Amino acid sequence: MLSVLDLLSAEQPTCTAVEVGEALGCSRTTSYRYLKTLTDAGLLAPQPGGRFSLGARIIELDRQIRLSDPLLVAAEPQMRSLSTELNLNAFVCSYYKDAVVCIAQAAPLGPWRTSWGRGKPMPLMRGAAGKVILAHLPTNTLKNLALSRPDDLRAAKLGETWEEFRAHLRHIRRAGFALTVAEVDPETAGLAAPLFDADGRILGSLTLSIPVEMVDDGELSPFSEPLIRAAEAITDSLAEVP
């Protein structure tokens, strides 16, 4: 039933019972039941012409997440402080399924050179925010990924083989951060450090968006050192969450 919500997007903000049935392969009766249940829960709202859009309950849940999500509560102050210190756009990203989702951003430069923002997902293999998460996933997960998606690995410049893929991720772990250039936005580099829960499991990443010309000389320490310190402070805060 919740798959109905996945049918809605910026490109298709509404749907009908017929469209739900076609997309999910269910009967019209089932489609109407799904739509009624989701509407009663406030997750959908009826629109003219028998169409449905996302409902106000989504906004209510968004507010609740902003106030109570442990990762967001721990990370947002550090993200904003880091962004102010370096005068760069910064993002907190959460690991979700096979993607990374921006859950908070600080943008002293405004939308300059970045198309990313809160709520927007990005493939794990694209950009620093996802690649630093990849580097800390369990070996079995990574091996399955390498075997099932070799073309994606090559396209992401993560190696041609499992051995090359593993070596690339080992380099990221040893460095403590991932760097990518122009993978998400032209003329912009991404620098990301990992965020962990109290049990050492990867939760997400703290990411900086940096003009390419500022990293052309290869000197990353003015950015990587404060980034890693902020990420470690977030991880320490998460370890204290009851």
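For this structure, a couple of remarks:
- Volume of the convex hull of the chain (Cα atoms only), normalised per residue: 153 Å³.
- Chymotrypsin sites (Phe, Trp or Tyr not before Pro) restricted to the range 60-122 and DSSP loop, no more than 14 other C-beta within 10 Å: Trp112
- Peptides 149-158, 202-211, 215-224 ranked from most to least packed, by the mean per-residue count of other Cβ atoms within 10 Å: 202-211, 149-158, 215-224.
- Among the GluC sites (Glu not before Pro) within the range 1-54, those in coil by DSSP and having at most 15 neighbouring Cβ atoms inside 10 Å are Glu11.
- With Cα atoms, 0 to 90° folded angle of helix 56-68 axis to the chain main axis: 30
- Proxy reagent accessibility, fewest Cβ within 10 Å first, across Val212, Val18: Val18, Val212
- Inter-part distance where the range 181-242 and the range 46-81 are each reduced to a Cα centre, Å: 24
- Hits among lysines - C-alpha to C-alpha of Lys157 under 29 Å, sequence gap 8 or more where chains match: Lys97, Lys120, Lys131, Lys143
- Distances between placed amide hydrogens fall under 5 Å for Asn89 paired with Leu109, Ser209, all partners being 5 or more residues away or on another chain.
- Long-range HN-HN contacts of Val215 with modeled amide H, under 5 Å: none
- Calculated FRET efficiency for the pair Arg154/Ala23, C-beta based, R₀ 22 Å, to 0.05: 0.10
- Range of Cα positions in the range 18-103 per principal axis (Å), largest first: 56, 25, 23
- Using 0.36 nm per residue and subtracting the Cα-Cα separation, the extra length available between Ala45 and Glu240 on full extension is 66.3 nm.
- Sequence-distant residues sharing a close amide H with Thr188 (under 5 Å, placed H): Ala182, Val212
- In terms of surrounding Cβ atoms within a 10 Å radius of their Cβ, Ser9, Ser27 rank from fewest to most as Ser9, Ser27.
- Interatomic Cα distance distribution for the range 2-57, bins of 5 angstrom, percent: 4, 22, 36, 28, 9, 1
- The range 127-145 residues near the modelled Ala175 label - backbone nitrogen below 19 Å, point 7 Å along Cα→Cβ: 127-137
- With Cα atoms, 0 to 90° folded angle of helix 139-148 axis to the chain main axis: 70
Read the figures in this text as sums done on the coordinates, not as results from a lab. Bear in mind that the values here come from a model prediction, so they are computed numbers and not experimental data. Glycine also receives a Cβ, built like all others from the backbone with ideal geometry; neighbour counts cover every protein chain displayed.
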